Every structure is written in structure tokens, then in C-alpha cells.
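Here the structure comes first, spelled out in C-alpha cells, and everything after it is commentary.
The values are calculated or read from the model by the stated rules, or taken from the named source; none is laboratory data. Predicted, not measured: the structure shown is a model, and the values here were computed from it. We place every Cβ from the backbone using ideal geometry, glycine too, and count neighbours over all the protein chains shown. Surface areas here come from the heavy atoms of the whole protein model, side chains and all, with no ligands, DNA or RNA. Shrake-Rupley method; radii C 1.70, N 1.55, O 1.52, S 1.80 Å.
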Amino acid sequence: MSARRGIFCALDTRMVDQMKLATFWGGIHPPQKKDFTVSEKVEGYLPTGELVFPMAQNIGAPNQPVVKRGDAVLVGQKLGDNDGFVAAPVLSSVSGIVKDVTARFTASGGSELCVVVENDGKYELDPSWKPLENYESADPKEYVKRIREAGIVGFGGATFPTAVKLSPPPDKKIKWLIVNGVECEPYLNCDNRLMVEEPSKIVKGLQLVMRLFPEAQGVIAIENNKPEAISVMTEEIKKQNASNITVRPLTVKYPQGAEKMLIEALTGQEFVMTALPADVGCIILNARTTHQIYEAIAEGKPAVSRIVTVTGEAITHPKNIHVPLGTSVRELIDLCGGFKEQPVKILSGGPMMGLTLRSIDIPVVKGTSGILALTKDSAHLAEESACIRCGRCVAACPMGIVPNVLNKLVLMRDYKTFEEKGGLNCIECGSCTYVCPANRHLTQSCRDGKTTVMALRRKAAAK
């Protein structure tokens with residue numbers, strides 16, 4: 001970590017004390033574009049026909065199917081699992097018959113092993129799913145077991161298995177339990193609407209998690225461009241008399257919702273990229289994840305659905321939709337009235353870190369926070385020109401690395417120096433590319449560099 005960056009962080013901390021709005025070093029201010037759906041209440045949708053469930057829906061080893069063609073399944077029944085520690089099962093969101101176990105295209109751009117279920121339209125819940133008995137006084141360790149059984153992961157997009165996150169090594173003292181309600185990606189409102197419409201379950205879910213870490217302080221972090229969510233969550237905390245939980249409004253700045261940036265903003269702590277939040281006393285849970293924890297423990301509901309923001313200039317009627325996992329993206333777009341203008345790009349997620357979709361005939365998965373359809377004007381990407389060494393990418397990078405240098409190293413295929421210069425620390429937030437006046441594809445080259453370095457490591461390890 002550079003001395004220069006340390007100085008700026010010290011200054012930022014003093015500024016936070018003065019302004020009472022936390023933030024981090026670096027970052028950018030892209031247009032929010034949230035007006036499309038900020039006031040759109042969450043609509044429920046139950047699909048018909050077949051649903052597709054990829055086995056790889058979380059960080060860690062992909063699951064192996066535990067059902068076969070012809071099997072009858074119920075809502076909440078396990079379709080895939082593995083014995084690894086960093087794992088979360090995939091559960092059926094519908095009742096019906098397993099139509100196939102085969103490779104299907106997904107948002108990743110490639111094909112993955114999937115279980116295909118023919119929906120019978122009844123949505124019958126597996127009878128084994130019931131509220132945890134005497135859950136308010138139960139051994140908190142039972143919570144972790146239930147969270148894993150429910151297939152709960154980080155619903156903000158990272159999809160790290162939540163049961164693993166809530167099982168830090170014994171020597172890690174957790175001081176802060178942070179609910180991430182930042183949602184700093186432009187266009188998206190799925191977490192915002194959840195906080196506005198169902199704050200009770202978020203607060204109650206956090207209180208349950210706090211039983212695992214009784215000495216921790218609960219913090220609900222929300223960017224200041226969500227005043228209704230801030231007000232509603234604050235009132236809910238008062239209503240539940242949850243004195244150990246506070247709402248912290250944050251300065252509107254991207255990528256405020258990244259774990260490292262959020263910890264820096266709220267606690268003033270910096271830590272190396274190889275460290276985990278638990279190493280500095282923090283556990284961060286997405287708002288939807290905390291909501292789902294409550295439903296799994298107190299209501300006996302498995303994690304088989306999520307809210308998806310379907311939006312963008314090309315969508316006829318943008319909406320926030322509560323949808324079963326496995327539903328086709330095409331169905332959601334049709335539910336929004338289809339395209340009012342032919343999109344030139346469709347993303348899974350937001351415009352900064354979302355994945356470009358090659359097809360809309362793919363399923364909604366645990367990490368699908370949004371479907372964004374962009375027109376020619378909104379998706380314009382200018383041609384690259386020579387770097388003018390202005391330093392804007394360096395000032396914007398929240399990780400304190402030098403994107404223009406890393407870009408040059410990747411183009412030279414000097415991956416050893418790329419790694420030495422901290423290339424693997426890039427979080428691919430897109431801030432550098434956004435501010436570059438020469439339109440250099442900095443984020444893309446860093447992503448290519450990271451992919452190549454990891455491939456070279458695997459190749460070396462296999463020898």
C-alpha cells in the first residue's frame with residue numbers, strides 16, 4: 001500500500017468525521033440511472049414450462065446433480081450439492097419432473113451442467129421445510145446448518161456461500177456485522193426496493209446473525225441516494241428496539257458496495273487484497289441475504305427466488321420482479337413488455353460489472369441482480385486512442401494500483417511484471433475505463449491479465 005494512498009485515507013477519515021457521511025479513497029460518479037425502477041414496487045411472477053438450474057451458482061466447487069431424469073421434485077428439494085467446505089446446494093424453485101440433466105448456456109457465456117425441471121405449476125413445498133424449532137432461543141450453530149441447507153449465498157452478486165462466511169476461524173474476533181444495502185451499480189434497485197418494502201425481515205435476520213457474534217455491532221449501510229430506504233430501515237430499528245443496530249448513510253460513490261471499500265468507509269481500516277473481511281473484524285451480508293436468512297430460519301423457506309431489476313433504455317416497462325430461480329430471462333423481458341427499441345447490448349447485472357449476454361434464453365440464477373438492455377446511444381463505446389498519461393485512472397482506482405501501466409504490460413504479454421505490479425488486486429469495477437479520456441479498455445485488459453496469470457499458475461501446478 002503506497003504512502004500516498006495512506007495519506008489520502010487519513011484525510012478521508014477526517015472528512016468523514018466532519019461530513020458524517022462515510023466514503024472511501026478513489027472511485028467515480030457515473031450517472032445513477034435508477035429512476036427507471038426506483039418507485040416500481042416489486043411484482044411477483046410464477047413461470048410455466050421448464051426451468052433450468054445450473055450446478056455452478058456460487059463461488060467454490062460446482063455442485064454435482066443428485067437427481068436424474070424422470071425424478072419428481074418439490075420446491076426446496078436438493079438438485080445438486082458437493083462435499084466441499086466452500087459450497088451451497090442448488091434447490092428446486094418449483095415442483096415437477098426432472099426433464100433432463102444436461103449442458104445449457106448460462107450468463108457466463110458458456111455451457112454448464114444444469115438440471116432441467118418441467119414445472120407442474122403447483123409449487124408444492126417439500127414438507128421437510130419447516131421453521132427451525134424455537135428458533136429465537138435455539139443454538140446459533142443450528143442457524144449456520146440451516147443457512148447451508150437453504151442454499152443461501154451472497155445475493156449481491158458475489159455468491160460466496162453464507163454459511164462459510166458465518167464460520168470464521170476461532171481466532172477472528174468479529175466486531176462489525178454489516179448489511180450491505182449500498183447497491184452502487186447504476187440502474188439497479190432490487191436491494192433498494194427490498195429495504196423499502198420488507199425492512200422487518202432484514203432487521204430480524206441481522207439480529208439472528210448477531211446471536212452468533214454477541215459482541216459485534218450491527219450496521220446497515222445505505223448510500224445517501226436512497227432516502228426512503230434509510231428512513232424506513234431507521235424506523236424499523238426503532239420499532240424493534242434494536243439498539244445494537246444502526247443505519248449508516250454513505251456518500252454516493254461507485255464502487256461503494258465492494259467489500260473492501262465498504263469496510264474502509266465504515267471502519268477506516270485498510271487491508272491487503274489477500275485478506276478477508278473477518279481478518280479485520282468484519283462480516284458483510286447483502287440485504288437480500290439477511291432477509292433470506294430470516295425466512296429460512298423463522299419461516300422455513302429455502303433460498304429459491306430473488307428480486308431482479310429488469311431495466312434500461314431498451315425495455316418498454318422496466319420493473320423489479322420477484323422470480324423463482326431457473327426462470328428464463330426471456331420471460332422476464334416479455335413480462336416488461338419486451339423491447340421498445342432493439343438493444344445493442346444486454347447485461348446480467350449493472351453496466352459497470354455486469355456480464356454481456358449472448359442470449360436471453362438463459363436462466364435467472366442466485367447472482368442475477370438485474371437484466372439491463374441498452375440502446376445504441378446508452379451503450380456507445382468509443383474507439384481507443386493512445387494513453388495521454390493524465391493519471392485519471394490512477395486517481396479513480398479504489399485499489400491503489402496503476403491501470404495504465406497494467407494495461408501496457410498485458411498488451412506486451414509481460415504477465416510476470418503484471419503480477420508484480422499488483423494486477424491480481426484489480427476488482428474489475430470499471431472505474432478506470434470510465435474516466436479514461438483516451439477510451440483505453442483498461443478494465444478489460446486487467447481481466448485478461450488476471451485470467452492468464454491464473455491459467456499459467458494452474459499449468460505450472462500440473463507439471
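Out of 334, 377, one residue alone is assigned to a loop (DSSP other than H, G, I, E, B) and open to solvent by 30 Å² or more (accessible area, probe 1.4 Å). It is 377. Does residue 178 meet the test of being under 27 Å from residue 267 (Cα atoms), open to solvent by less than 70 Å² (accessible area, probe 1.4 Å), touching a Lys or Arg at 6+ places or on another chain (Cβ under 9 Å) and touching a residue at least 60 places away in the same chain (Cβ under 8 Å)? Taking the combined requirement at face value, the residue satisfies it. Among the residues of region 42-69, those identified as open to solvent by 50 Å² or more (accessible area, probe 1.4 Å), in a loop (DSSP other than H, G, I, E, B), at pLDDT 95 or above and closer than 18 Å to residue 101 by Cβ are 66, 68, 69. Considering only residues in region 409-432 that are open to solvent by 30 Å² or more (accessible area, probe 1.4 Å) and of a type in the set (Ser, Thr, Tyr), the one that is farthest from the chain's Cα centre (by Cα) turns out to be 417. In region 94-103, the condition of being at pLDDT below 95, under 21 Å from residue 52 (Cα atoms) and of a type in the set (S, T, N, Q) is met by no residue.
When region 433-463 is limited to residues that are without any contact (Cβ under 8 Å) to a residue 24 or more places away in the chain and open to solvent by 80 Å² or more (accessible area, probe 1.4 Å), the one that is nearest to residue 382 (Cα to Cα) turns out to be 447. For residue 273, the criteria (1) of a type in the set (A, V, I, L, M); (2) open to solvent by 30 Å² or more (accessible area, probe 1.4 Å); (3) touching a Cys at 6+ places or on another chain (Cβ under 7 Å) hold in every case but one, which is (3).
Scan region 304-318 and tell me whether some residue there is closer than 18 Å to residue 92 by Cα, outside any strand (DSSP E or B) and in contact (Cβ under 8 Å) with a residue 24 or more places away in the chain. Yes, the conditions are met somewhere in region 304-318. The residues of region 115-171 that are over 20 Å from the mean Cα position of the chain (by Cα) and in a strand (DSSP E or B), listed by number, are 115, 116, 117, 118, 119, 125. Within region 83-106, restricting attention to residues that are open to solvent by 20 Å² or more (accessible area, probe 1.4 Å) and under 22 Å from the mean Cα position of the chain (by Cα), the residue that is nearest to residue 347 (Cα to Cα) is 105.
Sort out which residues of region 342-374 are over 20 Å from residue 259 (Cα atoms), assigned to a loop (DSSP other than H, G, I, E, B), among the polar types (S, T, N, Q) and in contact (Cβ under 8 Å) with a residue 60 or more places away in the chain, and write them in order of number. Matches in region 342-374: 359 only. Assess whether residue 431 counts as being polar (S, T, N, Q) and within 28 Å of residue 286 (Cα to Cα). So residue 431 passes the test. Scanning region 349-359 for residues that are open to solvent by less than 80 Å² (accessible area, probe 1.4 Å) and either more than 20 Å from the chain's Cα centre (by Cα) or within 21 Å of residue 151 (Cα to Cα) (or both) yields 349, 359. Scanning region 284-298 for residues that are over 16 Å from residue 157 (Cβ atoms), touching a helix residue (DSSP H, G or I) at 6+ places or on another chain (Cβ under 6 Å) and open to solvent by less than 20 Å² (accessible area, probe 1.4 Å) yields 293, 296, 297. Scan region 236-291 for residues that are among the hydroxyl-bearing types (Ser, Thr, Tyr) and assigned to a strand (DSSP E or B) and the total you get is 2. Of the residues making up region 22-39, those that are open to solvent by less than 70 Å² (accessible area, probe 1.4 Å) and either in a loop (DSSP other than H, G, I, E, B) or free of Cβ contacts under 8 Å to residues at least 12 places away in the same chain (or both) are 23, 24, 25, 26, 27, 30, 32, 34, 37, 38.
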